[in-house]
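The values are calculated or read from the model by the stated rules, or taken from the named source; none is laboratory data. Computed from a predicted model, the values in this text were never measured in an experiment. As a convention, Cβ positions derive from the backbone with ideal geometry for all residues, glycine included, and neighbour counts pool all protein chains shown.
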2 protein chains.
Amino acid sequence: MEIPVVEKVLQANDRIAEENRRLFQESKLAVINLVSGPGAGKTTLLGKTLHALKDQYAFGVVEGDIQSTHDAEKIASNGVPVVQINTGGACHLEANMVREAVSQLDFARLDILIVENVGNLVCPVEFDIGEDCKVMLLSVPEGDDKPLKYPLIFEESSLLLITKIDLLPYVDCRIDKLREGALKLNPHLEIIELSCKTGEGLDLWYAWLSNRILKR
Amino acid sequence: MEIPVVEKVLQANDRIAEENRRLFQESKLAVINLVSGPGAGKTTLLGKTLHALKDQYAFGVVEGDIQSTHDAEKIASNGVPVVQINTGGACHLEANMVREAVSQLDFARLDILIVENVGNLVCPVEFDIGEDCKVMLLSVPEGDDKPLKYPLIFEESSLLLITKIDLLPYVDCRIDKLREGALKLNPHLEIIELSCKTGEGLDLWYAWLSNRILKR
């Protein structure tokens, strides 16, 4: 009984996601779906990124959270247009939520839209929202066994940002094992190691993102 | 269309969970549902706990993962009976999965069953599996804003284990803010701070767990 319904929900989502994608392409808007588990540092990285690049490109942000406008308020302090989606319990964003959110942005004037998904290593990856690509974060305290246990997010992402590398001396996480596990699942996965605390690696991420915006 | 079906699934789950609960009570089996985001340290804590207490009490373990037997293998090395549930993509355990798993354990001879749920701060808490109580982990690198963003898991848990406190000098996480946020959501929540690396606080956790086992 359950599976056909879930399939129907996914099919309906895919249809709307395709419409979103067409809309974004017509507007020459680069769209990044930012995914990770809770606390990997999506909002902190986004804040740094906006601070560094907002004078160069016109950013828009969609913040996905189960409830609260905590992250949206942090992001709005950068003077960038942001829309909060509160999923009201749901563990991921769906294409129709994103469409509703972007309708509140003047997105024809934007260069890039960053959608910060709900913190969850599992469900958000199952729902296409019409993005160009998924960028995933994994923080080193989460451990190097995550590719083995949460394969889909590694398979579906274009870029893996290994975050909080300043903590490497204090945690049991082998970057080489993590890289190997991730690349085994997805040989095309690009990988950047960074720390928002020390700033290490941020220039590589900014360059990657700029390239995405210019290529759109 | 979607909501009634989801409700039906939840109702069916609740019915099986109640049957599990009755079965566990008849067997005087204490059952802990261990929940957290990915990488908060459930498996490491469980390994430490089994090592410390397995000669005192008869433990059984159910390991929930999307795929792989990685964690179950780690746990089995302690000589404790363990059953792996692979959810095949699903982001949480359900009552029927747990019933199927425990049927493979000689659970009438056990004192305590620990069910390690899928690493996810959102979905597992929505599904009763027939446990006595939920014990949640939150590691300090995940940050002190989590009660605000993932309220349900704090509301539904009996005990919050704040893990990886050895990392406090290196991360931006204020324990007092975290405690305050958690207790605001759930004034009955017990809280223990610990580190599996230094061993700090583990004795408090062992005492809490022993008390649960003896009270059953």
Among the candidates B:85, B:114, B:75, single out the residue that is among the β-branched types (Val, Ile, Thr), crowded, with 22+ Cβ neighbours inside 10 Å, under 22 Å from residue B:11 (Cβ atoms) and out of contact with any Lys or Arg (no Cβ under 9 Å at 6 or more places or on another chain).
B:85
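Matching residues to (1) within 29 Å of residue A:169 (Cβ to Cβ); (2) acidic (Asp, Glu):
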{"site": "B:137", "(1), (2)": "yes, no"}
{"site": "B:144", "(1), (2)": "yes, yes"}
{"site": "B:148", "(1), (2)": "no, no"}
{"site": "B:154", "(1), (2)": "no, no"}
{"site": "B:163", "(1), (2)": "yes, no"}
{"site": "B:171", "(1), (2)": "yes, no"}
{"site": "B:180", "(1), (2)": "no, yes"}
{"site": "B:192", "(1), (2)": "yes, no"}
Counting only residues that are exposed (fewer than 15 other Cβ atoms within 10 Å of the Cβ) and either touching a Ser or Thr at 6+ places or on another chain (Cβ under 6 Å) or of a type outside the set (Val, Ile, Thr) (or both), the stretch B:175-189 contains a total of 6
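A quick yes/no check of all residues on (1) of a type outside the set (A, V, I, L, M); (2) in a loop (DSSP other than H, G, I, E, B); (3) free of Cβ contacts under 8 Å to residues at least 40 places away in the same chain; (4) in contact with a helix residue (DSSP H, G or I) (Cβ under 7 Å, 6 or more places away or on another chain):
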residue	(1), (2), (3), (4)
B:45	no, no, no, no
B:73	yes, no, yes, no
B:83	no, no, yes, yes
B:92	yes, yes, yes, yes
B:97	no, no, yes, no
B:100	yes, no, yes, no
B:115	no, no, no, yes
Meets criteria (part of a strand (DSSP E or B), touching a residue at least 12 places away in the same chain (Cβ under 8 Å), crowded, with 16+ Cβ neighbours inside 10 Å and out of contact with any Lys or Arg (no Cβ under 8 Å at 6 or more places or on another chain)) for residue B:160
yes
Any idea how many residues of the stretch B:3-43 are assigned to a strand (DSSP E or B), of a type in the set (A, V, I, L, M, F, W, C) and within 14 Å of another protein chain (Cβ to nearest Cβ)?
1
With the requirement that a residue be within 20 Å of residue B:123 (Cβ to Cβ) and small (Gly, Ala, Ser), what does the stretch B:60-93 give you?
B:64, B:68, B:88, B:89, B:90
From the list B:178, B:152, B:168, B:185, exactly one residue is modelled with pLDDT of 95 or more, closer than 27 Å to residue B:12 by Cα and either within 12 Å of chain A (Cβ to nearest Cβ) or touching a helix residue (DSSP H, G or I) at 6+ places or on another chain (Cβ under 9 Å) (or both). Which is it?
B:152
Output the residues belonging to the stretch A:63-78 that are among the aliphatic types (A, V, I, L, M), out of contact with any Pro (no Cβ under 9 Å at 6 or more places or on another chain) and under 16 Å from residue A:88 (Cβ atoms).
A:72
Quick check on residue B:124: is it free of Cβ contacts under 8 Å to residues at least 60 places away in the same chain, assigned to a helix (DSSP H, G or I) and either touching a strand residue (DSSP E or B) at 6+ places or on another chain (Cβ under 8 Å) or within 14 Å of chain A (Cβ to nearest Cβ) (or both)?
no
Name the single residue, out of those in the stretch A:1-27 being surrounded by 14 or more Cβ atoms within 10 Å (Cβ to Cβ) and of a type in the set (S, T, N, Q), that is modelled with the highest pLDDT.
A:20
Residue satisfying all of: in the stretch A:68-109; away from every other protein chain (no Cβ under 14 Å) and among the basic types (Lys, Arg); farthest from residue A:16 (Cα to Cα) among these:
A:109
